[in-house]
Amino acid sequence: MESNKQDLQRILDEAQQGLRNQTERLQAVCDVSDLLSSNWDLQQVFPRISASIRRALCHEFASFVLHDPKTDLLVRQAIDFPLGKGIIDAVQVVTPRSPSGLAMQERVIKIFSREELVCMEEEVATSMAAEGLESVCCIPMMRPGGALGVLVVGSTRQKAFREEDMSLLAQVAAQLALAIENHRAAVELQQLKARLNEEKRYLEGGPPRRGDFPEILGDSAALTQVLGQVLTVARSDATVMILGETGTGKELIARAIHQMSRRKNAPFMKVNCAAIPMGLLESELFGHEKGAFTGAVTRKVGRMEVADGGTLFLDEVGEIPMELQPKLLRVLQDQEFERLGSTHTQKVNVRILTATNRNLEERVAHREFRSDLFYRLNVFPIRMPALRERREDIPLLVRHFVHKFASRMGRYIETIPRETMGALSQWNWPGNVRELENLMERSVILSEGTVLRVPLEEIQVHDEMSSARSSHTLDNTERQHIIRVLRETSGVISGPRGAAQRLGLKRTTLQSKMHRLGITRDDYLGPYKS
């Protein structure tokens with residue numbers, strides 16, 4: 001009878017102990033859940049998570065590592081090892097062959113003894129053994145998409161982890177995995193929101209405008225320097241030559257100079273010298289009398305007279321024919337001229353502004369433009385920067401043109417993708433602002449939703465074509481040079497007087513170039529055949 005009572009008491013004690021253990025495990029799981037829900041920073045909260053587990057497991061070491069898909073390595077995120085010697089602290093990255101890596105690959109909980117750790121010959125494994133750990137348990141942190149990393153606990157006792165401990169560790173690992181996934185999703189959501197806000201900012205509000213230059217957009221250093229020159233020269237009556245590539249906004253600068261001058265209430269007249277036939281340009285500028293030429297049935301007042309008291313802007317001034325240049329020079333020097341077919345001298349008070357994308361100095365050197373006229377026009381030169389020299393202004397210009405064309409077409413464009421804006425900012429824009437404006441008009445037409453759709457493939461194709469043309473030009477130049485040297489050497493390639501020696505090439509290199517460029521004997525000996 002006494003023996004039965006002892007057995008029943010033993011069974012009761014074991015049941016109570018098991019219940020206490022189970023309660024401790026459930027409490028540990030609840031504590032971990034509370035900690036994870038109250039703090040997103042897993043590195044900061046992990047020691048407290050380890051302490052919660054320690055009430056049920058009595059481990060000395062705990063850490064967790066996350067998988068880096070780019071390198072396929074496991075990177076330690078946090079460690080809790082108060083009694084450690086510091087040996088394992090130096091090992092921050094572990095390989096797929098480590099204890100953690102094996103557990104992650106096989107997607108099962110794995111327990112390693114000290115002997116197994118030593119035999120692995122992995123730095124992290126031997127470091128664990130050197131720290132005195134006799135048992136190490138690796139629990140993969142699983143999610144539906146796969147293992148995110150591994151939770152690792154270790155003990156200085158042999159066979160420290162029992163079968164019933166695996167359930168607790170699996171639940172803790174699952175909670176860590178869920179917290180990590182949620183945190184990553186939250187970070188990604190914040191990044192997407194920030195990106196959307198950034199893309200919306202491209203179009204929010206109107207583009208910034210300067211008080212003195214309401215039509216000119218941009219805050220780049222290159223443009224600011226130009227506007228400083230405009231402020232300097234506008235109040236004077238000096239002749240200004242605006243230089244720059246096509247599409248850079250030279251006419252806007254000319255209008256700004258006029259609007260800021262003392263002549264702002266007088267006429268601003270523009271003449272595109274390249275758009276008017278040479279035979280009519282003199283009449284357009286200076287006017288003509290009735291009967292001055294066939295078809296002149298009435299007297300016409302020229303733009304020069306209309307601009308009297310104001311400003312005359314000569315766009316593409318480099319296209320003015322040589323025979324008309326002395327007449328323009330006379331206006332600049334004496335402020336007088338005669339209409340075509342008249343002997344009466346007209347007096348005018350006009351300021352001349354000019355613009356060109358040509359190199360007039362070269363034209364002067366080739367006697368295609370009068371030097372005295374050039375010096376009179378070039379009193380105050382202003383060079384407009386190309387759009388590729390003021391890339392920081394591109395987002396402002398894009399926003400302005402999108403607003404302009406969307407309003408005109410009744411469209412609503414809400415965002416511009418970051419990748420799109422990056423591509424637009426990196427493109428070299430050979431047509432400058434005018435090319436950008438045309439592309440934005442086309443993009444608004446193509447955009448069916450609220451996101452701007454820019455046909456970037458057109459830019460890429462244009463870039464490839466430009467590279468191909470450049471390559472073709474270089475190849476053609478090299479081909480013609482080789483043919484000329486071969487003709488001079490009568491087709492002799494090698495030897496001290498051969499073409500290879502003169503070109504500074506090896507014979508085999510020259511022959512390879514001739515083959516690549518399609519140079520045959522007929523190319524360099526043909527002209528000398530009788």
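The values are calculated or read from the model by the stated rules, or taken from the named source; none is laboratory data. Worth saying up front: this structure is predicted, and the values here are computed from it rather than measured. Don't worry about glycine lacking a Cβ; one is built from the backbone with ideal geometry, like all the others, and counts go over all protein chains shown.
Below, the figures for the structure above:
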read-out	value
Residue check, residue 284 over 49 Å from the mean Cα position of the chain (by Cα) and without any contact (Cβ under 8 Å) to a residue 40 or more places away in the chain	no
Hits in region 213-226 - residues which are more than 24 Å from the chain's Cα centre (by Cα) and surrounded by 19 or more Cβ atoms within 10 Å (Cβ to Cβ)	213, 226
Residues that are outside any helix (DSSP H, G or I) and surrounded by 14 or more Cβ atoms within 10 Å (Cβ to Cβ), drawn from region 479-490	489
Those residues of region 98-143 which are at pLDDT 90 or above and part of a loop (DSSP other than H, G, I, E, B), in sequence order	98, 107, 108, 109, 131, 132, 133, 134
Residues that are part of a loop (DSSP other than H, G, I, E, B) and buried (at least 16 other Cβ atoms within 10 Å of the Cβ), drawn from region 238-266	239, 244, 245, 247, 248, 249, 260, 261, 263, 266
Long-range neighbours under 6 Å by Cβ, at least six apart or interchain, first residue of a type in the set (Phe, Trp, Tyr) within region 361-379, second modelled with pLDDT under 95	369/360; 369/363; 374/360; 374/364
Leading residue by the ranking (farthest from residue 170 (Cα to Cα)) among those in region 86-128 that are of a type in the set (A, V, I, L, M) and surrounded by 21 or more Cβ atoms within 10 Å (Cβ to Cβ)	88
Residue satisfying all of: in region 59-85; at pLDDT 90 or above and assigned to a loop (DSSP other than H, G, I, E, B); surrounded by the fewest Cβ atoms within 10 Å (Cβ to Cβ) among these	81
Search result, residues across region 499-527 that are touching a residue at least 40 places away in the same chain (Cβ under 8 Å), surrounded by 14 or more Cβ atoms within 10 Å (Cβ to Cβ) and part of a helix (DSSP H, G or I)	517, 523, 524
Residue list for region 27-46, restricted to those being part of a helix (DSSP H, G or I) and modelled with pLDDT under 70	28
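A quick yes/no check of all residues on (1) of a type outside the set (Lys, Arg); (2) surrounded by 15 or more Cβ atoms within 10 Å (Cβ to Cβ); (3) more than 23 Å from residue 281 (Cα to Cα):
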position	(1), (2), (3)
338	yes, yes, no
341	yes, yes, no
345	yes, no, no
395	yes, yes, yes
405	yes, yes, yes
412	yes, no, yes
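Residues checked against (1) out of contact with any Cys (no Cβ under 8 Å at 6 or more places or on another chain); (2) modelled with pLDDT of 90 or more; (3) not in a helix (DSSP H, G or I):
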position: 198; (1), (2), (3): yes, no, no
position: 214; (1), (2), (3): yes, no, yes
position: 222; (1), (2), (3): yes, yes, no
position: 231; (1), (2), (3): yes, yes, no
position: 236; (1), (2), (3): yes, yes, yes
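For (1) on the phi > 0 side of the Ramachandran plot; (2) of a type in the set (A, V, I, L, M); (3) touching a Gly at 6+ places or on another chain (Cβ under 8 Å), each residue gets a yes or a no:
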residue	(1), (2), (3)
320	no, yes, no
323	no, no, no
338	no, no, no
341	yes, no, yes
348	no, yes, no
353	no, yes, no
357	no, no, yes
362	no, no, no
365	no, yes, no
